[in-house]
């Protein structure tokens, strides 16, 4: 897949325990992005964070949280990101979604499968 040098970064901030139809929300988002043919998605797990409710979520052993912060990043063309947003809006009940313009330096893959 070839991406233009100008693209968009979709960044989704949710909690690890968030669900969509009984499934982990982060899995549902990544699978829907793949189904729609987006260039790729990465889920990053945070060790400490807080959101709109100001409740601290941490991975510290003494305060073991079952709801660590997650960030999902997806980079693709502005049109493909725009087309994905309505589905994303229907999936997320709590969280933050941001968009920013990015410049792609390279996007490569091997043919090993």
- Query: Over region 6-103, what per residue volume does the convex hull of the Cα atoms give, in whole Å³?
  - Reply: 97 Å³
- So for the pair residue 111, residue 31, with labels modelled 7 Å out along Cα→Cβ, what separation do we get in nm? 3.1 nm
- With label points built 7 Å along Cα→Cβ from the Cα atoms of residue 82 and residue 94, find their separation and express it in nm. 3.3 nm
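Taken together, the values in this text are just the output of simple stated rules run on the coordinates, not laboratory data. Since we're looking at a predicted model, the values are computed, not measured. FYI the Cβ positions are ideal-geometry reconstructions off the backbone, even for glycines, and counts take in every protein chain you see.
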